[in-house]
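The values are calculated or read from the model by the stated rules, or taken from the named source; none is laboratory data. Because the structure is predicted, anything quoted here is derived from the model rather than measured. Neighbour counts are summed over all protein chains in view; Cβ atoms, including those assigned to glycine, are modelled from backbone coordinates with ideal geometry. Please note that ligands, DNA and RNA were not included when accessible areas were found on the heavy atoms of the full protein model with its side chains. Shrake-Rupley method; radii C 1.70, N 1.55, O 1.52, S 1.80 Å.
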Amino acid sequence: QGLSIQPSPIVKALAASFGGCSLASMGILRSETMKYGMLVLPVQEARRIVDQIGKQTSIQFEDENTRDMRRPYRKHVQRIDEMERILRFVFEEINKLNGCQITKNKVSEFLQGDQNYSLDVVEAELSSLYKNFLKFKENNANLTNERNQAVEEAEVMALAKAILTGSGADVQVDEESFEASAKKPLVAGDELAAGRLGYLAGVVTKADEQRFARALWRASRGNTFTQFEPIKDPVTDPKTGAEVVKSVFVVYFQGASGSMQQKVLKVCQGFGVNMYSWPSSTGAASSRLNYLLRISEEKKSALEAYQNFMRSEMQELLAPSQENPNGNSKIEEWRLFSIKEKSIYNVLNLCAGDIALRVNVWYPAAAEKNIMALLQKLNEGAPQGAFLTPDKAATHSKPPTYIRTNEFTEGWQAVINEYGIPKYQEANPGLFTVVTFPFIFGMMYGDVGHGSLLFLFGCWLIMNSESLRYTQPAMFMGRYMVFSMGIFATFAGFLYNDCFSIGLPLFESRFVDIEGNGQFTPTYDIKNSGGPGPYPFGLDWAWAGATNELLFLNSMKMKLSVLFGVLQMTLGVVLRWGNAFFEKNLTDFICECVPMMIFLLCFFGWMDVMILYKWVHPIDNPPSIINSLICMAMGQQDDFPFWEGSVQLAQTLMMYTVCAVPVMLLPKPFVLLYQHNQAEKAKAKGDHELMQDEEAHHGGHGHGEEFEFGEIFIHQIIETIEFVLGTVSHTASYLRIWALSLAHQQLSMVFFQKTLTMGLEMPFPGNAIMIYFMFAAWFGVTLGVLLGMDVLECFLHTLRLHWVEFQSKFYKAEGLMFAPYDIKKLVTPTGDD
């Protein structure tokens, strides 16, 4: 009675796959068991309780106000929206100042001290801060505008001084004026003083310079001349803070006043240019220029003093708050607090009721005790308490899918979720992807050197994970993926005996060149008759550089690709069996699962058997596997059997393969039709239980509640054709493993030969110098191509094999993700902030 036997993890996984509940309840192979219930909250304590629920439990809230769109806490949400607008404004102003660093990413510290903040207090402080910042910004804009005017007018005075003294002949002109007269002094003599020539000066943006000149030319019908002089230093826009490049312009026209002057003024007003008075003499220009330069320096000093004052004022916002001295900057704490408060009131908006709020929720069955204990603790000392009532009746709401992950598995599960969310308690391919994905990637990328570099990069990501958690969330999540792919790529590299395209002599070779003519003879027993064995591990390094190396490696890698491809597809069909057992769907098991397994194993499984048989049984004249498969499929006589009776066995397996197709196609629609007719009869007799069982039974067949035999039959035809033709094409698709491995090996060899080998073959002392440059070139190409592009290429092809070839055998991906209210997740930076 005291003996207790604990099953192994493999046994537990198999038990869960075939309807067990141990791993299913844990959410590893299947999503966790979910419960539906009603949560009742007292109005006075609702905010506090929801706050603690978001921190300590996993509960998904449903919207109870979808029909009438009643949102009782919308005013609170509007207040927080205004607070977030103010925060965005303040953050923009802080980012404009150099040397102001905001402390962020201390999420745990914020959650420990967030109860010290109050919505009313934070809102009042933000409102006061916003008013002060508006005044500061207005003062800054005024100072900037005054300095810009002084700088611009000073540039106008400098140009006027140069023109009036006769040194301004070399100036820029608009493209539509004549070049010859542009180089002559336009104001020579006393033309300006006599009033025969009118003029207007100002500053225009460099981008509008040509359009402005053309507009003046057209408005005056060619009776104006426009002169431009660029301003060397850009000016700051007082509204946006951006730097703008501008130019000084002077427009000359006939007559000091009159209609022509009005036309020019209208064009200037249309472009919004800044106009300035033109000096009457050189002395007036010099005097005004000196005055403006002095004003410009004063305004510049005032702006610098303003910037220093703003930095000193910002220190209080950049330092941790008194309520949470170990947390983020005060302004960042307010931002996180606003996010949290807004999420709480959004949850309360989902609730119905006035005196007591009620809302339907989903939660994991395993967490029910913790939720009850938390609510009981929160009810202590309160006049009214919150409580959760599990709903044992059937619900029309679709259960969400909750798969528990850790830091190692969350990346792989994210890859699966990108394809589609698993249906509630459907077999989750993420459990197997943790191993199969890096393994197949390693088969494609197998190289000891490149795999080791990838492994080291994964180690670096893991060691620096905390610094990447908030700054690079994607790299943080994928650190263990890179680590695993590096391990399997290195392992496959040892199997291929390939390190940067060089064979590694780890053990004594089993080939020798007896006569010294380059013809290697095996020293191991190739007949398996009890003599010396082959190379202990992986490929013999003697194959590296052999003339028939490529032929041998292609044959080996092609067969390995097909072997593991059929093995993975068989695993997919096994998981389909597990889904049928778990759902207690005998129709799917007999009419789909069994014939699919027969079709897959009797043809493609037999092909794998022939591959393995040729490897382990020496044959003097080995038959061709392709010819044997053709004879098997076409019903022809095979004159080259593998062993006595193999041809007859192949014919029998082919008969089973052919018979499996109509079994997949025909019985299931008629069985569903019979079940539907029985349910209709039961409905007529008032037997509602049988009707409910029939509706529940039809839930996973790909059709709706209304039974249409024609649609079901067409759907089954499509399913059968997709599986039969898909299995053939998917088997061929796994040959991409061989193709990617061949491409990687050949690229590595070419890069090595064209860089390091060429450097080493140069005569001395040139080789001693060139080897450094060749190494730099080789390492750069290796990083850019083999560790960059090739890793991405192998990753994408491995992703395709899992999404299409593997998951199509069993994975429906029709689930809804469990989205519990989690405050920590809401305030955690995602990298898009």
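Quick notes
- Fraction of accessible area attributable to carbon and sulfur, the chain (%, probe 1.4 Å): 58
- Distant-in-sequence amide H partners of LEU41 (H built 1.01 Å from N, under 5 Å): LEU357, ARG358
- At most 15 other Cβ within 10 Å, DSSP loop - trypsin sites (Lys or Arg not before Pro), region 207-266: ARG221, LYS232, LYS239
- Under the shape rule built on the C-alpha gyration tensor, where the axes satisfy a ≥ b ≥ c, the chain is oblate, since a/c reaches at least 1.5 while a/b does not exceed b/c.
- Whether region 762-833 is rounded, prolate or oblate, judged on the alpha carbon gyration tensor where a/c under 1.5 counts as rounded: oblate
- When the residues ASP237, ASP51 are ordered by accessible surface, computed with a 1.4 Å probe over the protein chains alone, the sequence from largest down reads ASP237, ASP51.
- Cα gyration tensor shape for region 305-345, rounded if a/c is under 1.5, else prolate or oblate: oblate
- The solvent-accessible area of PHE387, taken with every protein chain present and a 1.4 Å probe, is close to 100 Å².
- Here the gap between SER281 and GLU722, fully extended at 0.36 nm per residue and compared with their Cα-Cα distance, gives a gain of 149.6 nm.
- Under 12 Å, Cβ to Cβ, from LYS300 - net charge with Lys/Arg +1 and Asp/Glu -1: -2
- DSSP-loop trypsin sites (Lys or Arg not before Pro) across region 476-570, with at most 13 other Cβ within 10 angstrom: LYS527
- Mean separation of Cα pairs under 8 Å and 6 or more residues apart, divided by the residue count, gives the chain a relative contact order of 19 percent.
- Here's the picture: charge each Lys and Arg Cβ at +1 and each Asp and Glu Cβ at -1 in the chain, and of ALA813, LEU303, HIS797 the one pushed furthest to the positive end of that dipole is LEU303.
- Reach of LYS96 by Cα under 18 Å, taken over aspartates and glutamates that are not fewer than 8 positions away in the same chain: GLU138, ASP237, GLU243, GLU304, GLU313, GLU316, GLU332, ASP833
- Once the convex hull of all Cα atoms in region 426-580 is built, its volume per residue stands at 150 Å³.
- For the set CYS591, CYS459, solvent exposure ranked by accessible area (probe 1.4 Å, protein chains only) runs largest to smallest as CYS459, CYS591.
- Charged neighbours of GLY565, selected by a Cβ distance under 14 Å, balance to +3 (K, R count +1; D, E count -1).
- Relative contact order (%) - region 552-632, alpha-carbon pairs under 8 angstrom, separation at least six: 29
- Percent of Cα-Cα distances greater than 13 Å, calculated over region 470-514: 69
- Surrounding net charge for GLU407, when Lys and Arg each add one and Asp and Glu each subtract one, Cβ distance under 13 Å: +1
- Between TYR306 and GLN262, the FRET efficiency from the beta-carbon distance, with R0 = 30 Å, is close to 0.15.
- Solvent-accessible area per residue, Å², over the chain with all protein chains present [probe radius 1.4 Å]: 53
- Relative contact order, percent, region 200-263 [alpha-carbon distance under 8 Å, six or more residues apart]: 42
- Projecting the Cα atoms of LEU388, PHE225, ALA489 onto the dipole axis of the chain, where Lys and Arg carry +1 and Asp and Glu carry -1 at the beta carbon, places PHE225 farthest toward the positive end.
- Diffusion constant of region 502-592 at 25 °C, which comes from Stokes-Einstein with the Kirkwood Cα-pair radius and 0.890 mPa s, µm²/s: 143
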